[in-house]
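S.K.: Just dropping this structure here.
The values are calculated or read from the model by the stated rules, or taken from the named source; none is laboratory data. Because the structure is predicted, anything quoted here is derived from the model rather than measured. Here Cβ is always computed from backbone atoms with ideal geometry, including for glycine, and neighbour counts include all displayed protein chains. Heads up: the accessible areas ignore ligands, DNA and RNA and are worked out on the full protein's heavy atoms, side chains in. Shrake-Rupley method; radii C 1.70, N 1.55, O 1.52, S 1.80 Å.
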Amino acid sequence: MDIATVIGLLAAFGLMVSAIMQGSSLMIFIDIPSVTIVVGGTIGTVLVHFPFGDLMGAFNVARKAFFHKSQSPVETIEKLITYAGKARKEGILSLQSVMNDIDDEFFLKGLQMAVDGQEPDALKEMLEKEIEYVMDRHDKGAEIFATIATYSPAMGMIGTLIGLVQMLQNMSDPSSIGPAMAVALLTTFYGAVIANVIASPISGKLKIRSASEVLNKTLVTEGMKAILEGENPRLMEQRLHAFVAPKERQSNFG
């Protein structure tokens, strides 16, 4: 589980609830019609913008913002260097013995292709194509949440306008103006919360997760190609280090 995401959401909502409780009851910030307008309206407009399948897929991708098993690029490079040395000493078929140690499907696929005798350029082309598909899925998921962040404040404003129109229709009763105005403004509040506390941060987290995953997959692609070509592990390490920041580079050769 991504602790940063959980702590961030708990902190954001916790501070809002604390501020509300200091000046009033939490119940006055709960209005079902306002929730219906903002949430229902946002879902409706997003469905107009994207196909239904894409929307469902986005919520599946969104799990990466909360549940993500990250692997350090340094660890990926270390494994690749180890496998490169093993392949040079014992042959490419020796990598079959390490497959049970790999829990990453993409890495495992690259190893299997190498053991099966795939040509280096063909292996790289196939793995790069898979990376493109992964990027497309992740980009679409992030885009949908960015779109939710765009539409939800607009739906909040629409709800506020609806409330104001209804309020102006009852100006003959001054005592009803204050409560009616409060309810009208709640839709703007809900829209702002959905956009700035939920949707926009999740979109940003998905982009970061996607970049991290693509980096690791790129390292695997370059590394497996180098292993098939019989590249010297030391030279291979230097080439793979170009993908990571200088402070993160750790040599396996002392």
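S.K.: Using a Förster distance of 30 Å, how high is the FRET efficiency between LEU185 and MET56, based on the Cβ-Cβ distance and rounded to 0.05?
M.R.: Between LEU185 and MET56 the formula returns 0.40.
S.K.: Sticking with this one: For region 137-181, give the percent of accessible area contributed by carbon and sulfur heavy atoms, probe 1.4 Å, rounded to a whole number. Could the numbers behind the result be given before it?
M.R.: Numbers: 1700 of 2570 Å².
The C+S portion of the solvent-accessible surface of region 137-181 is 66 percent.
S.K.: Then there's this: How many angstrom lie between the Cα centre of region 220-254 and the Cα centre of region 1-75?
M.R.: Here the two parts' Cα centres lie 39 Å apart.
S.K.: Taking the Cα atoms only, what angle lies between the long axis of helix 52-61 and the longest principal axis of the chain, rounded to 10 degrees?
M.R.: Helix 52-61 sits at roughly 70 degrees to that axis.
S.K.: If you don't mind, there's one more thing I want to ask. Compute the acute angle (0 to 90°) between the alpha-carbon long axis of helix 120-168 and the principal axis of greatest extent of the alpha-carbon atoms of the chain; round to the nearest 10°.
M.R.: 10 degrees
S.K.: Cα axis of helix 105-115 to longest principal axis of the chain: angle in degrees, 0 to 90, nearest 10?
M.R.: 20 degrees
S.K.: Kindly state, to the nearest 0.05, the FRET efficiency for ASN232 paired with ALA154, given R0 = 45 Å and r defined as their beta-carbon distance.
M.R.: 0.20
S.K.: Can you give the accessible area per residue of region 56-153, in Å², using a 1.4 Å probe?
M.R.: For region 56-153, the solvent-accessible area averages 56 Å² per residue.
S.K.: With a cap of 10 neighbouring Cβ atoms within 10 Å, and only residues DSSP puts in a loop, list the trypsin sites (Lys or Arg not before Pro) found in region 56-90.
M.R.: LYS69
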